[in-house]
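Data block below; observations after.
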Amino acid sequence: MDCLFCKIVAGEIPSKKVYEDDAAYAFLDISPWQKGHTLVIPKRHTADVLEGDDVLAEVGPAVARVGRLLKDRLGADACNVVSNAGSVSGQEVFHTHVHVIPRYADNPGIANMKAEVTADLDEVHQTVVAD
Ligand code: AMP
Ligand code: ZN
């Protein structure tokens with residue numbers, strides 16, 4: 001199947017991996033809304049979180065772990081957890097993904113979620129995955 005995120009799971013397209021378990025894979029968003037913006041995706045292909053009954057449960061543990069990891073490693077104060085389901089909602093990649101968006105106290109509120117920061121992805125990645 002010609003799916004960008006299936007290719008990322010398969011390692012055919014590079015990604016900055018943050019976390020992985022049996023069912024889910026997490027990597028830095030290439031155009032971050034906030035420093036550390038991460039996408040959590042199921043390893044099996046589904047179009048969005050509303051497909052069937054189980055997709056959200058499959059990625060749930062990974063979402064929670066990634067959110068805590070980002071708060072811990074990046075000093076984020078909070079997170080937005082968002083999944084767009086359907087093109088009218090803003091979904092552009094049709095393999096389920098949950099946006100985990102770290103939030104910082106100097107830029108609070110839902111209206112500022114999509115700040116489109118210019119964080120250095122390599123630097124952020126090193127900070128998040130450091131042992
Ligand atoms: P959505 O609009 O909810 O479908 O979000 C798709 C997200 O995927 C956007 O935030 C993009 O920046 C992100 N994205 C697209 N291609 C890549 C890629 N190759 N690696 C990482 N993130 C990507
Ligand atoms: Zn896919």
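The values are calculated or read from the model by the stated rules, or taken from the named source; none is laboratory data. Note that the structure is predicted; figures quoted are calculated from it, not measured. Don't worry about glycine lacking a Cβ; one is built from the backbone with ideal geometry, like all the others, and counts go over all protein chains shown. All accessible areas refer to the heavy atoms of the entire protein, side chains included, with ligands and DNA or RNA removed. Shrake-Rupley method; radii C 1.70, N 1.55, O 1.52, S 1.80 Å.
Annotations for the structure displayed:
- Taken over segment 85-112, the criterion of being closer than 21 Å to Ile41 by Cα and open to solvent by 30 Å² or more (accessible area, probe 1.4 Å) is satisfied by Ala85, Ser87, Val88, Ser89, Gly90, Glu92, Val93, Phe94.
- Residues located in segment 57-83, provided they are within 16 Å of ligand 2 (Cβ to nearest atom) and more than 12 Å from the chain's Cα centre (by Cα): Glu58
- Pairs, first under 18 Å from Gly75 (Cβ atoms) in segment 102-131, second assigned to a helix (DSSP H, G or I) and open to solvent by 50 Å² or more (accessible area, probe 1.4 Å), C-beta under 7 Å, six or more apart: Pro102/Lys71; Thr127/Arg73; Val128/Arg73
- Here Asp21 meets the list (1) open to solvent by 20 Å² or more (accessible area, probe 1.4 Å); (2) of a type outside the set (Gly, Ala, Ser); (3) within 11 Å of ligand 2 (Cβ to nearest atom) almost entirely, failing just condition (3).
- Pairs where the first residue, in segment 1-28, is without any contact (Cβ under 8 Å) to a residue 12 or more places away in the chain and the second is within 9 Å of ligand 2 (Cβ to nearest atom), C-beta under 7 Å, 6+ apart: Ile13/Leu4; Ile13/Lys7
- Residue list for segment 8-18, filter: over 12 Å from the mean Cα position of the chain (by Cα) and more than 13 Å from ligand 2 (Cβ to nearest atom): Gly11, Pro14
- Residue list for segment 70-105, restricted to those being of a type in the set (Lys, Arg) and in a strand (DSSP E or B): Arg103
- Residues satisfying the criterion are present in segment 37-44 (criterion: open to solvent by 40 Å² or more (accessible area, probe 1.4 Å), in a loop (DSSP other than H, G, I, E, B) and in contact with a strand residue (DSSP E or B) (Cβ under 7 Å, 6 or more places away or on another chain)).
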